[in-house]
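This report concerns only the one structure given below.
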Amino acid sequence: MHFPYRNIVILTGAGISAESGIKTFRDQDGLWENHRIEDVATPEGFKRDPNLVQSFYNQRRQQLESGSVQPNAAHYALSRLENELDGTVTIITQNIDNLHEKAGSHDVIHMHGELLKAQCSQSGQTIEWSGDISLDDSCHCCQIPAPLRPNVVWFGEMPQSMDKIYSALVAADLFIAIGTSGSVYPAAGFVHEAAMHGAHTLELNLEPSIVESEFDEKRYGPASQIVPELVE
Ligand code: BV8
């Protein structure tokens, strides 16, 4: 693989996991189809109906743990790129699944959290978690045990590791976005940040995203085809 880049930053979204059987958010029969964002992906929604929100994430965790969901050729291609490139490959994922890690990627930043972790609703501390989170599950880190919530960044909450993300974007000489609609910030603004610091920018998606005009280069098709083609 001839890759004239040394510091690659890759932003992934739900589209990279679609062919692994995980629903995206905004495609046909997507996750938001049956739920309003305000009801299942905001702190207010959790306060209003914690049961609904816990079960929305419990179902997604069950699917991930059922073993029926495995990395696809796109995840494996990125792991190969990280192992073979003479340089750095940083994956910033908006996804809360663990498919990049299962495919062998090591430098993965989960900016919107992780499904296989629970979070203390008081201290924000996270713990590895498998199985359902129920309303009776509480933390062991506070004087008065607090309820556990999914370790997921909801709308209106600050994404995780933003300082680490911005230093990666500043240092990047190549920025690739894979499988994201570009509809959520600050992730949708990363291409602009990387371009401002001189990176070449490439969009790999099934169809043009909302921010496709910001990219130097675009390739469209299913991730399991166009990502391995790029890395080969
Ligand atoms: C914050 C976790 C500030 C939960 C998620 C106006 C302007 C700018 C910003 C805002 C604004 N109004 C409100 C905001 C802020 C808001 C926002 O951006 N709202 C949007 C709706 C406008 N953002 C926030 O609130 C963020 N926080 O701004 O904090 C702050 C500052 C200081 C202090 C406190 C706070 C936090 C946002 C995080 C929300 N959490 N997820 C969960 O997973 O349930 S968002 C969720 O949707 C995902 O995580 C992802 O990030 C996001 C977008 O989804 P995508 O991954 O792109 O998926 P989507 O379905 O949309 O698209 C799939 C794509 O794949 C499609 O393009 C499709 O064509 C393609 N595809 C499909 N199949 C394939 C494929 N591609 C290739 N191959 C295939 N086979």
**Q.** 222 nm mean residue ellipticity, helices alone, for the chain (DSSP H n ≥ 4; -39,500 (n - 2.57); rounded to 500)
**A.** -8000 deg cm²/dmol
(Q) Treating only the Cβ of Lys, Arg, Asp and Glu as charged (+1, +1, -1, -1), what charge dipole size does the stretch 1-60 show about its Cα centre? Round to the nearest 20 debye. (A) 260 debye
Q) In debye, nearest 20: dipole of the chain around its Cα centre with unit charges on the Cβ of K, R (+) and D, E (-)? A) 360 debye
Q. For Arg26, what charge total do you get from the other residues with a beta carbon under 14 Å from its beta carbon, if Lys and Arg give +1 and Asp and Glu give -1?
A. -2
Q: For the stretch 47-70 and the stretch 159-232, compute the distance between their C-alpha centroids and round to whole Å.
A: 28 Å
Q) Which links in Lys23/Lys164; Lys102/Lys218; Lys47/Lys117; Lys164/Lys218 stretch past 24 Å when you go from one Cα to the other? A) Lys23/Lys164; Lys102/Lys218; Lys164/Lys218
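Any read-out appearing in this document is the output of simple, stated calculations on the displayed coordinates, not a laboratory observation. None of these values were measured; they are calculated from a predicted model. Neighbour counts are summed over all protein chains in view; Cβ atoms, including those assigned to glycine, are modelled from backbone coordinates with ideal geometry.
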